[in-house]
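First up is the structure itself, then whatever we jot down about it.
The values are calculated or read from the model by the stated rules, or taken from the named source; none is laboratory data. Just so it is clear, the model here is predicted, and its values are computed rather than measured. All Cβ positions, glycine included, derive from the backbone under ideal geometry; neighbour counts span all protein chains shown. The area values use the complete protein model at the heavy-atom level, side chains included, leaving out ligands, DNA and RNA. Shrake-Rupley method; radii C 1.70, N 1.55, O 1.52, S 1.80 Å.
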Amino acid sequence: MPNLAETFHSLHKQNDLLILPNAWDASSAKVIEDAGAKAIATSSAGVAWALGYPDGDVLPPRLLADLAARITDVIRIPLSVDFEGGYTKNPAKVAQNLKPLIDAGAVGINIEDGANSPDLLCRKIEAVRESAAQSGLDLFINARTDVYLRRLASKDAAVDEVIGRAARYRTAGCDGLFAPGLSDGVAMARIAAAIKPLPLNIMASRDMPSIEALQQHGVRRVSAGSTIAQAALGCTSRLAAGFLAGTMGEMFGAMVEYGAVNELFASYARD
């Protein structure tokens, strides 16, 4: 059986950019795997919405662990889970919340600073690293900083702030840096060069440079965030409205064949 944690770490060191689609349940994860993904991440927003909660660090951790277990039960590639802020400000409690995710088969997490201080995220990363080590897992910890997403600084000050936080998070034990909201190629290149050997992860956006340009700027990983989940909900809303209005052609044109979908889930054995 492959070591999925080792595989996930190695995907950040290859020449090709790691393109990481974000799933929100077992079916979306299985379809993403079938499309050719080398690894899958969850979308915190997509997961929260699928379970009837708003995004924003309020999802009960037990529900996240249950969902992660359902995903790992149907895929054979590494899964990284968006752990938001760990669902508490208490680092010891963050470590407790992590253990069910490890038991569920996750080999990576995102954990974010959000509106809180870098000091707090450092303590959370240290607690997470210790908890994972006690479980015997080389967990990939992707430290997310919201400097750009929350516009905590701009231009050169934002670059410097991200670089400074990355250094602190690396000392605390992270394996990668995630900077959602970062879309400027020059800033990417400066950050990527300064934080080496940490791989830089960005989130896809409309004004993002091309995949080729991202590689030239030193980006190692790009994830979709909640965009695929939002697109799926948009499609659902449009098709449902059409159906309610008596227009069914687009619904039948957009669907994946029943047999093809069912076969994805019939290809593994349940206990």
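Residues that are within 23 Å of Leu139 (Cβ to Cβ), open to solvent by 50 Å² or more (accessible area, probe 1.4 Å) and of a type in the set (A, V, I, L, M, F, W, C) within the stretch 160-202 comprise just one, Ala167.
Test Arg151 against the criterion of being out of contact with any helix residue (DSSP H, G or I) (no Cβ under 6 Å at 6 or more places or on another chain) and buried (at least 24 other Cβ atoms within 10 Å of the Cβ), and give yes or no. So Arg151 does not fit the description; no.
Number of residues in the stretch 118-128 that are among the hydrophobic types (A, V, I, L, M, F, W, C) and open to solvent by 10 Å² or more (accessible area, probe 1.4 Å) equals 3. Quick check, is Asp138 within 29 Å of Ala48 (Cβ to Cβ), open to solvent by less than 60 Å² (accessible area, probe 1.4 Å) and of a type in the set (Asp, Glu)? So Asp138 fails the test. Inside the stretch 212-250, residues that are open to solvent by 30 Å² or more (accessible area, probe 1.4 Å), in a helix (DSSP H, G or I) and under 30 Å from Ala194 (Cβ atoms) make up a count of 4. Beta carbons closer than 8 Å, at least 6 apart along the sequence or on distinct chains, pair a first residue in the stretch 148-160 that is touching a residue at least 12 places away in the same chain (Cβ under 8 Å) with a second that is among the charged types (D, E, K, R) for Val159/Arg190. Total residues in the stretch 18-49 satisfying the condition of being under 11 Å from the mean Cα position of the chain (by Cα) and of a type in the set (Ser, Thr, Tyr): the figure is 3. Selection over the stretch 56-83 of residues that are within 14 Å of the chain's Cα centre (by Cα), of a type outside the set (Val, Ile, Thr) and within 16 Å of Leu139 (Cα to Cα) gives a count of 6. Flag: Ala115 matches the condition of being touching a residue at least 24 places away in the same chain (Cβ under 8 Å) and either within 14 Å of Asp175 (Cβ to Cβ) or open to solvent by 20 Å² or more (accessible area, probe 1.4 Å) (or both). Scan (1) part of a loop (DSSP other than H, G, I, E, B); (2) charged (D, E, K, R); (3) over 23 Å from Ala41 (Cβ atoms) for the single condition Asp156 breaks and write down its number. In the conditions (1) part of a loop (DSSP other than H, G, I, E, B); (2) charged (D, E, K, R); (3) over 23 Å from Ala41 (Cβ atoms), Asp156 misses (1) alone.
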